[in-house]
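Below is one structure; the comments refer to it alone.
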Amino acid sequence: MDARPTDLMPAAAVPARRSDFNRALYTGLAVLGLACIVAAPFAIYPVFLMKILCFALFAAAFNLLIGYVGLLSFGHAAFFGGGAYASAHALKVWGWPPELGILFGAAVGALLGLVMGFFAIRRQGIYFAMITLALAQMVFFVCLQAPFTGGEDGIQNVPRGFLLGGLIDLSVNLNLYYVVLAITAFGLFAVWRVVHSPFGAVLQAIRENEPRAISLGYRVDRYKLGAFVMSAGLAGLAGGTKALVFQLATLTDVAWQMSGEVILMTLLGGIGTLPGPVVGAALVAALEHYFATSSFPVTIITGLVFMACVLLFRRGIVGEVLHRLRRR
Amino acid sequence: MTTAPILTATGLKKEFRGFKAVNGVDLSIREGSIHALIGPNGAGKTTVFNLLTQFLKPTAGRVVYRGRDITALPPADVARLGLVRSFQISAVFPKLTALANVRVALQRKASLTTQFWRSSRVLSGLDDRARSLLADVGLESHAGSEAADLSYGRKRALEIATTLALEPDLLLLDEPMAGMAHEDIGRVSELIRTVAVGRTVLMVEHNLSVVADLCDRVTVLARGEVLAEGSYDAVSRDPRVREAYMGSEDA
């Protein structure tokens with residue numbers, strides 16, 4: 001982009017100066033943002049921040065599917081919860097180190113995604129949403145009935161353990177915060193990489209005009225399934241990380257409400273934008289956090305916020321901001 | 001003109017809940033020809049197109065491409081064999097630039113389709129080829145425009161450039177002139193004539209002067225059946241064809 005020969009145009013000097021200014025501004029903002037993120041656990045309760053990070057990763061994984069493939073999954077709780085149970089089990093029962101335990105959660109999420117995607121991917125629109133919901137409910141009932149999930153109690157007191165063979169004690173919240181931050185950053189980078197890759201270009205073509213993509217020889221179901229598995233794997237990674245943070249995997253993680261929550265977060269933040277899910281996750285988690293102690297039911301608040309969002313800025317918060325910036 | 005047919009269809013049938021949209025069509029497309037499929041509205045032309053490219057599965061009958069039965073293949077695999085179609089409503093990727101539209105087709109040929117770990121910057125290696133394809137259809141100055149912003153005629157030209165990127169042996173064009181302004185028709189006609197060199201073209205077309213001008217062979221469909229086949233002159237003299245067209249168009 002920067003290598004464009006803008007100096008061929010006589011009046012290019014002014015825009016060039018402005019783009020220099022913009023770059024300095026964005027770099028400054030990025031540095032400031034990074035500083036805030038690094039310093040945040042000293043000002044805000046780290047477990048709450050880690051919750052935001054886990055949900056940001058979960059929503060980013062969901063956004064990969066709805067924002068860049070155009071598929072609305074109503075069953076992402078299965079991957080999040082499946083990842084949480086898998087990690088919790090590996091950490092507590094098998095005594096795996098945390099890095100392997102979390103990776104196992106991601107792998108189980110991806111595997112569930114492969115199975116569910118295999119059945120759902122050929123369906124379109126509302127039918128896709130219904131099939132993913134139905135399959136996710138099956139996962140829920142397995143988790144309710146199977147012996148290894150602990151039924152109504154879930155898997156509790158999951159040990160956080162030590163990272164890198166005993167080097168970093170994860171029972172210290174501050175240590176864990178930076179690990180979770182790194183995992184989330186990796187996940188967000190992965191989404192960004194996939195979207196801006198040759199594979200992502202094919203996904204965009206399929207979303208723009210699927211029959212045309214087929215007529216150009218693309219076996220579109222395979223590309224959609226690939227994206228579905230990636231999304232599920234990242235959702236599993238988020239679930240596994242969440243199990244480590246809260247030392248807990250319960251039925252809440254696989255329940256359909258969780259699938260609804262991630263849709264809400266992504267829509268609020270702005271689908272099809274990279275920072276949108278992060279903003280949405282932070283907003284929903286913050287609302288839940290601050291209204292949890294009040295007597296007013298938090299679901300009504302989130303519902304009202306959601307309605308306001310749908311009526312006032314359909315592109316979501318980040319989507320609306322980007323739209324305004326672009327129009328100027 | 002005694003070359004073997006590149007595509008043959010025998011006994012093609014398609015029923016939609018008892019309605020026989022296509023009822024026993026036999027077609028034989030000679031290699032290197034420009035073949036037109038014409039007929040009144042509702043004759044089943046587009047359905048035949050969909051059956052030939054396997055976008056619809058026939059109720060009965062088979063389609064053979066270069067000696068190979070393709071009736072059971074998924075549509076994407078048919079395209080991979082070199083039989084590429086266009087659509088009646090223009091088939092571009094609207095939010096992509098013209099250059100990126102062509103690149104989508106080139107990407108598959110270059111096997112740059114599944115690498116999710118690489119930067120999309122590797123696709124810029126296809127830009128030169130994409131630009132030359134755009135130049136072939138007279139769109140070189142529109143490479144950076146979004147496809148949605150192009151005029152109707154230019155969208156069709158872009159579609160042809162994208163199709164040509166796959167280097168197909170057989171092009172199926174579904175009403176390439178539909179809804180086009182007069183001056184665009186001349187341009188696209190010329191374009192089809194140019195791209196047909198060394199290729200086979202099968203096109204559905206309503207504009208009979210275009211058909212008379214471009215096509216070596218014409219098949220007339222009516223009510224899902226082949227009414228006549230032959231050169232344009234022979235077909236247009238056929239009384240049954242005149243009857244089928246009476247009132248709708250002056251054949």
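A few notes on this one:
- Just the protein heavy atoms count here, and of the accessible area of the stretch A:46-256 at 1.4 Å, carbon and sulfur take up 70 percent.
- Residue pairs, from the table A:Lys224/B:Lys45; A:Lys224/B:Lys57; A:Lys224/B:Lys109; B:Lys109/B:Lys155, whose Cα atoms sit over 26 Å apart: A:Lys224/B:Lys45
- Put simply, the amide H of B:Leu227, placed in the peptide plane, has neighbours under 5 Å in B:Val220, B:Leu221, B:Ala222, leaving out anything fewer than 5 places away on its chain.
- Kirkwood-based shape ratio for chain A, expressed as Rg/Rh from alpha carbons: 1.00
- All lysines inside 26 Å of A:Lys51 as judged from Cα atoms, apart from same-chain residues fewer than 8 positions distant: A:Lys92, A:Lys242
- Added length on full extension, which subtracts the Cα-Cα distance from 0.36 nm per residue, A:Gln156 to A:Ile168: 2.1 nm
- Relative contact order %, the stretch A:232-328, counting alpha carbon pairs below 8 Å whose residues are six or more apart: 25
- Only protein heavy atoms count here, probed at 1.4 Å, and on that basis chains A and B bury about 2400 Å² of accessible area in total.
- Our estimate of slack between A:Thr252 and A:Phe118, defined as 0.36 nm per intervening residue step minus the Cα-Cα distance, is 45.7 nm.
- Euclidean distance of C-alpha centroids, the stretch B:1-33 and the stretch A:277-313, integer Å: 60
- Principal axis dimensions, the protein assembly as shown - Cα atoms, whole angstrom, descending: 90, 67, 46
- Ellipsoid semi-axes in whole angstrom, largest first, where each is sqrt(5λ) of the Cα gyration tensor of chain B: 32, 21, 16
- Over the stretch B:36-80, the hull volume per residue, using the convex hull of the C-alpha atoms, is 89 Å³.
- Site pair A:Val305 and B:Ile185 shows an inter-label distance of 5.9 nm when each label is modelled 7 Å from Cα along Cα→Cβ.
- Among A:Met265, A:Met116, A:Met130, the residue with the largest mean-square fluctuation in a Gaussian network model of chain A, with springs joining Cα atoms closer than 10 Å, is A:Met130.
- Between the Cα long axis of helix B:182-195 and the first principal axis of chain B there is an angle of about 80°, rounded to the nearest 10.
- Residues A:Thr273, B:Thr59, ordered by accessible area of protein heavy atoms at a 1.4 angstrom probe radius and largest first, appear as B:Thr59, A:Thr273.
- Calculated [222 nm] ellipticity per residue, helices only, for chain A: -25000 deg cm²/dmol; basis is -39500 (n - 2.57) per DSSP H run with n ≥ 4, divided by all residues, nearest 500.
- The stretch A:46-256, relative contact order [Cα under 8 Å, separation at least 6], %: 46
- Most fluctuating residue given options B:Ala110, B:Ala36, B:Ala91, as computed from a GNM of chain B linking Cα atoms under 10 Å: B:Ala110
- Peptide B:69-80 has a mean shielding of 3, counted as Cβ atoms of other protein chains within 10 Å of each residue's Cβ.
- Note on the stretch A:211-261: the alpha carbon radius of gyration divided by the globular reference 2.2 N^0.38 Å gives 1.66.
- Net length available on complete extension from B:Asp128 to B:Ala72 is 16.5 nm, with 0.36 nm assigned per residue and the Cα-Cα distance removed.
The values are calculated or read from the model by the stated rules, or taken from the named source; none is laboratory data. This structure is a prediction, so every number in the text was calculated from the model and none was measured. Cβ coordinates were reconstructed from backbone atoms using ideal geometry, including for glycine residues, and neighbour counts include every protein chain displayed. Heavy atoms of the whole protein, side chains included, go into the accessibility calculation; ligands, DNA and RNA do not. Shrake-Rupley method; radii C 1.70, N 1.55, O 1.52, S 1.80 Å.
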